[in-house]
Amino acid sequence: MPGPTTAAFLDLLGVPHLAPATTPFDPGYDPATLTSHLAQSSHLMNGLKISMACWLVADESVTRAKVAAARRYGVAPLSGGGPFEIANSLGCLPQYLDLCADIGFSRIEAGEGFTRLNHTPAEVVRLAQDRGLGVQCELGSKLSGSFDDAEVAALLDQGRAWLDAGADELVVEARESAAGVGLFGESGALDTRLADRFAEAFGLSKVVYEAPTKPSQFALLDHLGAEVRLANVRLEELLRVEIYRRGLHADAFAKGRLAPPGPTR
């Protein structure tokens with residue numbers, strides 16, 4: 001007779017079965033660390049962002065091994081948006097997309113976080129899809145501070161244009177600080193009203209919120225619930241995010257909304 005299992009115990013507690021909804025990022029971990037996290041947590045990952053331009057200057061064989069490891073564990077590898085913006089700005093976008101496809105990325109991140117786009121969204125999506133790559137668009141500047149109503153209105157229009165062009169999803173900028181940028185004020189407080197505008201416009205299945213810090217992660221889960229999709233979570237913080245999402249963290253359990261109901265009587 002089989003013994004107790006963690007899955008059976010979670011069912012007993014009433015923890016919901018949730019689809020993977022977090023895209024952690026790799027800012028330059030060694031390949032053994034990355035592969036170990038995939039072994040531990042790939043079932044919780046909606047994707048894996050190989051972030052910034054670090055993968056371009058790392059040993060290429062290691063970059064290829066990381067991307068192959070993600071695919072081996074059934075996790076879609078995603079290239080970060082910084083190299084896209086630089087390649088676009090310097091007129092090298094087709095060559096960049098050729099490289100991403102050859103290395104084995106599933107998707108690329110596009111955006112105008114610190115440059116201006118030289119192509120229409122439809123042109124970018126076509127160039128990517130011709131190479132077997134999906135596209136996600138990052139909304140918001142990395143340099144202009146926190147959003148206001150006028151900027152959000154413009155970003156909603158931009159997001160609709162990308163989705164109409166065939167982009168797979170939209171990402172709301174928060175950089176690595178979640179303070180004084182995007183939906184977060186200088187103190188790191190989440191502007192819940194503006195967060196709702198993205199959710200209402202696109203739905204939680206299409207919009208992803210960058211949440212690089214514990215306060216930003218918990219605030220978005222508290223406000224938008226267990227199905228909110230998060231990105232820019234460090235690999236070593238993924239399990240903490242996922243126990244919070246399931247009401248198994250002390251702070252989440254105490255607040256009630258995310259807490260599991262317990263056995264059905």
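The values are calculated or read from the model by the stated rules, or taken from the named source; none is laboratory data. Owing to the predicted nature of the structure, the values given are computational and were not obtained by experimental measurement. Because the Cβ atoms are built from the backbone with ideal geometry, glycine has one as well, and the counts that use them run over all protein chains shown. Heavy atoms of the whole protein, side chains included, go into the accessibility calculation; ligands, DNA and RNA do not. Shrake-Rupley method; radii C 1.70, N 1.55, O 1.52, S 1.80 Å.
Given the options THR5, THR63, name the one that is modelled with pLDDT of 95 or more and open to solvent by less than 50 Å² (accessible area, probe 1.4 Å).
Criteria check complete, one pass: THR63.
Output the number of residues of the range 1-58 satisfying the condition of being in contact with a helix residue (DSSP H, G or I) (Cβ under 7 Å, 6 or more places away or on another chain), closer than 20 Å to ILE108 by Cβ and of a type in the set (S, T, N, Q).
Residues in the range 1-58 being in contact with a helix residue (DSSP H, G or I) (Cβ under 7 Å, 6 or more places away or on another chain), closer than 20 Å to ILE108 by Cβ and of a type in the set (S, T, N, Q): 1 in total.
When you look at ASP222, is it part of a helix (DSSP H, G or I), on the phi < 0 side of the Ramachandran plot, surrounded by fewer than 17 Cβ atoms within 10 Å (Cβ to Cβ) and modelled with pLDDT of 95 or more, yes or no?
It is false that ASP222 is part of a helix (DSSP H, G or I), on the phi < 0 side of the Ramachandran plot, surrounded by fewer than 17 Cβ atoms within 10 Å (Cβ to Cβ) and modelled with pLDDT of 95 or more.
So, in the range 40-54, exactly how many residues are touching a residue at least 40 places away in the same chain (Cβ under 8 Å) and assigned to a helix (DSSP H, G or I)?
Adding up the residues that qualify gives 3.
Looking at the range 10-27, which of the residues that are assigned to a loop (DSSP other than H, G, I, E, B) and touching a strand residue (DSSP E or B) at 6+ places or on another chain (Cβ under 9 Å) is nearest to PRO212 (Cα to Cα)?
The extreme case among them is PRO27.
What pairs come up if the first residue lies in the range 104-122 and is among the hydrophobic types (A, V, I, L, M, F, W, C), the second is part of a loop (DSSP other than H, G, I, E, B) and open to solvent by 20 Å² or more (accessible area, probe 1.4 Å), and their beta carbons are under 6 Å apart, counting only those six or more places apart or on different chains?
These pairs meet every condition: PHE114/LYS142; PHE114/LEU143.
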